[in-house]
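Quick notes on the structure that follows.
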Amino acid sequence: MLPQSISSRASNMSRRDPTAPLRHVDPVLIACTVILSIVGVIAVYSATRGPGPDYSKAYLYKQSTFMVIGAGVMVVFSIVDYRKLHDWAWVFYGITTALLVLVVSPLGSQSNGAQSWFALGPFQLQPAEFAKLSLIGALAFLVSEFRGDIDLRRLVALLATAGLPMALIMLQPDLGETLILVVITMAILLVGGLPTKYIVALSLVGLIGVLGALNSPVLADYQRNRLTAFVNPGDKSNKALYNIEQSQQAIANGRLTGQGLFDGPQTKLGFVPEQQTDFIFTAVAEQFGFVGSAVMLLLYGLLCYRIWRIAQVAKDTFGTYICVGVLAMFGFSAFENVGMAMGIMPVTGIPLLLISAGGSSTITALAALGLVLNVHMRRFQ
Amino acid sequence: MDTSSPRLRMSILGVVVLGCFLALFARLWYLQIMEAPALAVQATANRTRTIATEAPRGRIFDAKGRVIVDNRTSLIVSIDRNELKKVKNRNELIARLADVLTANGTPIKISTIEKRLTEKQADQLQGAPIAADVTEEVIHHLSEYAEDFPSVSFERKTVRVYPYGTAASNVLGYTGRITAETLKSLEAGTDPDGVVKSYHPDSIIGLAGVEATYEKELRGTPGVELVQVDSKNRPVGTESYQPPKSGNDIQLHIDIDVQIRAEQALVDRLAVLRGTSQKDGTKRGAPAGSVVVLDPRDGGVVALATAPTYDPQEFANGISQDRYNQLQNINGASALIDRSISGQYAPGSTFKLVTATAALSNGLIDSKSSIYDDGVYRVGNPAQEFTNAGDQKNGNINVIRALTVSSDVYFYWLGDRMDGTTLIQDSATAYGFDQKTGIDLPNESTGYVWTKAEKKALHNKYPEAYPNGDWYTGDNVQLAVGQYVIVVTPLQLARAYAAFANGGTVYQPHVVWKILKPNSTVTNPNDVLRVIAPVVTGTVTLPPDVRSPIESGLEGVTSGAGTAASAFVGFDQTAFPIVGKTGTAQVKGIADTSLFASYGPALSPKWVVTAVMEESGFGAEASGEVSRRVYELLASQTLTGAGTATIGSSD
């Protein structure tokens, strides 16, 4: 009986066992991921091929490679039971924290005034990207252990856990990535049952902190300018505004149906800076217009909805919190990146996950979606 | 309500994320649908640059269809002085450039290059021109080894050429680079296709003469290339290209042969007179003068000579400051002033035409009214004496004789009788004095003919400059002989005689006759865009009893006892009789202004010729002689029929 049962489960798992993980993959989530990844590769290529006639394909090949690697990582992160990963959460957290320390040491490399990556041959490893996922894991671990009962002492522990990578990333400095960690932490604490009084208190502290930071020497002038540019769009002395103006013009240039693939003049001629990463949305919007970019945003929204939904149907709170963290990561990534390109959010460079060029961010995003899929697949087990 | 319920918290999270996405959609809609048109304009301006190429200006023809202003391409090598300062081996560079130029057909010394580099340009924005009209080989070499020639640049410029040299330079004017102020204020014309002939900081515009007044016609339509540039302003492609189109051609009333003759006669005579003494012993400076030849039938300007003058070619490739200063002082006179329209002179006895018209038409005298001229006319008590020139006594004379022999006494008498009226001034106004003629050239002077009231007003306004505001009988006596309270321009004088010649019609003088299509054939009627119609600005009433005695008087001037007889000795007046009046206007401290105003042939006047020469003495000996030489050409044209085909047929 038993051997037969085992063998039947082994051979007919998907057909016979209604709780089998493979029976519960989320096709919508996977479809959104695949389509967005393809859109991303095309957008990156169009933003980097140059005005021609010798089109550069370097970014096309690189980003495709990352997608393939990312797909593999996603499979791994969805197949290995996430509850086993539960025990590994602190290992990941420890590794990324160590990398964050190393990256600000002489081992790390610098560009655009931020020391944020390791040079590994032709590739660049950005530990801050992985830190997002490991923080999600660590916080999900802690909050699920606390079982909805978060007192001040536990809150301090949570904030310390989140604060360490944030502080290290601010040393690089990378304001955008720090902000994502803040948002991830806020989302997990919110859903994890942080008492309302602490939420209010933390919000106040955060508000005062932001106002204080803007008026203190902690931020460099260029950072302050970038953060406040969207509030004062008429300020001609603000250099950050040039980028936003250019990107908004490029977006407007797309009109309803877009200029057509590879036909966006602003995109093609390089008027928009950091076009393959921070301002990737302009390439999409100029070439595919309102219709194309709205569809892309809808897909992104659908992806977020699925993650939100999976957070609710998860078998355990650990799974829920992981989904909440990933939701915060994707939602904020879209809102900040796209919002910045359209001039309604401060200028802080963060990638639009799955769309922007970048190995670390793409692989992290796909790994995160693998985890979410993992939670969904095992919601009956 | 349990505010920490996981379901509620999840919903809050969901609402926040949903809100974020809605905000993104709203903004996307705003940018791509609502604001797109406005932002797209900015975006286009951002990624395109307009490169304008100056088009050739229209050509200028004379009345007989000869090209008197043309274009050609000139290859110019210049050095940017600011860039040169940054060049390390400066002297080697200049030596190298001299070698290249010399080896390729433009011999030049290093010292010449150095000199051109130090010359102050009238136009500081341009590079220092080192060599003009260099060969194609030079350009090939410079472009091939561009890195060996930092700060050296070359350009292909369309420049004006003047097949007749300096002839009519005062009429034609010259061109130059537009100034920043002009660029702001200048209103662009449109070409025959309605395309705006826009201006750019490098545009060449007409700065004087017809080039300036007909700027809107002559200017070509610049070629416009819309170049797509990348974010570093590097050109990556052409979005559109509109090739340059030549400007409209124009045809003048000027007959270049007559113009050249008038200029030559003027220059020659001034040179002869310069340094000699007039009758009273005053040295003649003879620095300057002018000749006007008008067609009395329509106001067409056949010639407009002024001396000294300049070579418009000197302005074509940019003129040095030194040379510019030099041109402003040639024998004490500026070459840049067109005396025929800007010079103001007392008309002297040539004004007796006006006084006689006033007296005859108001019934003060008739053709027979005579007085005894003993050489002196006395006014008031105690008597103030006004004498004839050279204390000549003319005896018993009427108005006819008084004009022929130029009796001042007779006209002093008329001035005395008309004192207290404005009859002379009114007659002067009718003939077109004291007002601009409206000629189509810039910088015309107005002249003046004072009345009692005007003299008073001037004194009240500027008591220092005009210490005496009262009008004396003496003033009116002087006015009658064109002195003291009157100045006129040579063109005004010519126009007045033209009005008399044609029976009383005062025309607005016109230099330009026709506007033609770009690259036109002057004989093709289809190429005429428009003909400048004669404009009548007024009339002088000249019934026979007024006109005949004056005509008789003026007819006598060029023969027998006439004041200009000496100038026309040997000129065949049976075929081409000339009617005229000399003038010798006194100017305090220097030699007299010599004037001669005339027309011919007498019975069917085709030309008015006036000459005015500064510090040149008696009317006949200077201006009369110059006019005679002009008439010699006109008469030969009439006899051979050469002049009749084109003059005045502006219907």
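What follows is calculated from the coordinates using simple rules that are stated; it is not laboratory data. In this text, all values refer to a predicted model and were calculated from it rather than measured experimentally. Cβ: placed from backbone, ideal geometry, glycine included. Neighbour counts: every protein chain shown.
For the reader, a short list of remarks on this structure follows.
- Along the axis of the charge dipole computed for chain B (Cβ charges of +1 for Lys and Arg, -1 for Asp and Glu, origin at the Cα centre), the listed residues B:F351, B:L294, B:T179 are led at the positive end by B:T179.
- Taken over the C-alpha atoms, the protein assembly as shown has Rg and Dmax values of 46.9, 165 angstrom.
- Directionally averaged shadow of chain A, computed from the convex hull of its alpha-carbon atoms, nm²: 21.3
- Only lysines eight or more places from B:K517 in sequence, or on another chain, were considered; those with a Cα closer than 25 Å are B:K64, B:K157, B:K197, B:K216, B:K245.
- Amide H contacts of B:D373 (H built 1.01 Å from N, in plane; Pro and chain starts excluded): B:N394, B:G395, B:N396, B:I397 sit under 5 Å, all sequence-distant by 5 or more or on other chains.
- Cα-derived Rg to Rh of the stretch B:62-221, Kirkwood definition: 1.03
- Once backbone amide H atoms are built at 1.01 Å from N, B:G538 has B:V506 as its partners under 5 Å, excluding neighbours fewer than 5 places away on the same chain.
- Computed label-point distance, nm, for sites B:N325 and A:L152 using a 7 Å Cα→Cβ extension: 8.9
- When the chymotrypsin sites (Phe, Trp or Tyr not before Pro) in the stretch B:342-446 are filtered for DSSP coil states and for at most 16 other beta-carbon atoms within 10 Å of their beta-carbon, no site remains.
- Put in line by how crowded their Cβ is, counting other Cβ atoms within 10 Å and starting with the fewest, A:L369, B:L542, A:L171 read A:L171, B:L542, A:L369.
- What the phi angles of the stretch B:480-487 give under the Karplus curve with 6.51, -1.76 and 1.60, with θ = phi - 60°, is a coupling list of 4, 10, x, 10, 6, 10, 8, 9 Hz, glycine and proline written as x.
- Note, ³J(HN,Hα) from phi for the stretch A:25-30, Karplus 6.51, -1.76, 1.60, rounded to Hz, x at Gly and Pro: 5, 9, x, 5, 4, 5
- The label-point distance for A:T65 and B:T190, in a model that sets each label 7 Å from Cα toward Cβ, rounds to 6.1 nm.
- Cβ neighbours within 10 Å from other chains - mean over A:145-151: 1
- Footprinting exposure proxy for A:C323, A:C304 (fewest neighbouring C-beta atoms within 10 Å first): A:C304, A:C323
- Distant alpha-carbon pairs in the stretch B:478-622 (separation over 28 angstrom), percent: 32
- Under the Debye formula (equal points on every Cα, no solvent term), log10 I(q)/I(0) of chain B at q = 0.07, 0.10, 0.11 Å⁻¹: -0.58, -0.95, -1.08
- As a proxy for reagent exposure, ranking B:E137, B:E385 by other Cβ atoms within 10 Å from fewest up yields B:E385, B:E137.
- Our coupling estimate for the stretch B:371-378, obtained by passing each phi through the Karplus curve with A = 6.51, B = -1.76, C = 1.60 and θ = phi - 60°, is 9, 9, 9, 9, x, 9, 10, 10 Hz, Gly and Pro reported as x.
- The alpha carbon centroids of the stretch B:441-456 and the stretch B:270-305 are separated by 22 Å.
- Taken about its Cα centre, the protein assembly as shown carries a charge dipole of about 4140 debye when Lys and Arg each add +1 at the Cβ and Asp and Glu each add -1 at the Cβ.
- R0 of 30 Å, Cβ-Cβ distance B:T102-B:Q242: FRET efficiency to nearest 0.05: 0.15
- Residue among B:I79, B:I108, B:A98 farthest towards the positive dipole end of the stretch B:76-122, charges placed on Cβ: B:I79
- Summarised in one figure, the compactness ratio Rg/Rh of the stretch B:76-122, Cα atoms and Kirkwood Rh, is 0.96.
- The sum of -39500 (n - 2.57) across all DSSP H runs of n ≥ 4, divided by the residue count of the protein assembly as shown, sets its helix-only mean residue ellipticity at 222 nm to -14500 deg cm²/dmol.
- Convex hull per residue volume in Å³, alpha carbons only, for the stretch A:333-381: 80
- Here is the list for the stretch B:328-432: trypsin sites (Lys or Arg not before Pro) lying in DSSP coil, each with at most 16 other C-beta atoms within 10 angstrom of its C-beta, are B:K368, B:K393.
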